[in-house]
Amino acid sequence: MSIPYGNTRTRVAARHALIAPDGHVKSNVPGITGAASVIVINKAMGANFAQLLLTFEQGGAANLPGSNVETAGYFETGGATLTIGGLKKKVKAGAFFFAPAGEPWSVAATKAGTRVTLFQKRFVALADTAMPQAIIGDAADVPGQPFLGDPDARLQVLLPDVPAFDLAMNIFTYQPGATLPFVETHVMEHGLLMLAGQGVYRLEDSWYPVAAGDAIWMAPYCPQWFVAMGKTPASYLYYKDVNRTAL
Ligand code: UGY
Ligand code: MN
């Protein structure tokens, strides 16, 4: 979308935000080299997690130490060598991973233009439950299930939906005209990246045209709805906190 000078589709409200890519500004993120790193969402916005967009040069790297932060990541384009603790794999576009809290992880030998989205949160342990394990997978191997019975709105749940995990990372793909079946209002928070296509996102009482490259933050209880528009399917990657007690 071409935007006249002095305008942007970006909106940052108290309980939701739309971040269009025209406004991105890089940060230096400790441990990440040879990359343009954008902290798209974090606690400064009001969120309880961080969403980063890393665009690597050839031979870029990320070296993150083990800490109380866990990371879920998705390779939108490019490729690299990914290591999480004892797991090591060459990955390409469509790869995803989960690095548990306490586990160091790294990305090395990135191809030029490799784009990776990271979701990071502080892990909340669950009593009598083992730590979640490291994962490296390929979204192409994860079947899309009809969402609440609609075959035109398909959900790929990338990480195990078990109590050990306190976050989820999913890909939602809509055929043109398909919608979220109702306006959701829920305790879970979302970070979202539009991967393909376009549509309209309702966030609280505002409706936003959105397209590939846009990011969205939805605070807990932000009413939300989406319709895919245009002639090609729309898809988005999103984060959600799950599986923990109400109090
Ligand atoms: O998982 C979800 O809450 C999902 N249905 N929300 C969304 O796509 N905005
Ligand atoms: Mn939702």
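Brief remarks on what is shown
- Filter result (surrounded by 18 or more Cβ atoms within 10 Å (Cβ to Cβ) and more than 15 Å from PHE75 (Cα to Cα)) within the range 40-59: VAL40, ILE41, MET45, ALA47, PHE49, ALA50
- Any chance TRP217 is away from ligand 1 (no atom under 11 Å from the Cβ) and closer than 26 Å to PHE75 by Cα: yes
- So THR232, is it at pLDDT below 95 and either more than 13 Å from ligand 1 (Cβ to nearest atom) or of a type in the set (Lys, Arg) (or both): no
- Selection of the range 124-150 for residues being charged (D, E, K, R) and more than 22 Å from the chain's Cα centre (by Cα) yields ASP128, ASP150.
- Strands (runs of 3 or more DSSP E) wholly inside the range 39-121 that include at least 3 residues being touching a residue at least 40 places away in the same chain (Cβ under 8 Å): 50-64, 69-77, 87-92, 95-99, 105-108
- Count of the range 122-142 residues, restricted to those that are loosely packed, with under 14 Cβ neighbours inside 10 Å and part of a helix (DSSP H, G or I), is 2.
- Enumerated strands (runs of 3 or more DSSP E) restricted to the range 176-247, each holding at least 1 residues that are touching a residue at least 24 places away in the same chain (Cβ under 8 Å), surrounded by fewer than 20 Cβ atoms within 10 Å (Cβ to Cβ) and away from ligand 2 (no atom under 16 Å from the Cβ): 190-196, 198-203, 206-211, 224-229
The values are calculated or read from the model by the stated rules, or taken from the named source; none is laboratory data. This is a predicted model, so every value here is computed, not measured. Every residue, glycine as well, gets a Cβ built from its backbone with ideal geometry; the counts of neighbours run over all protein chains shown.
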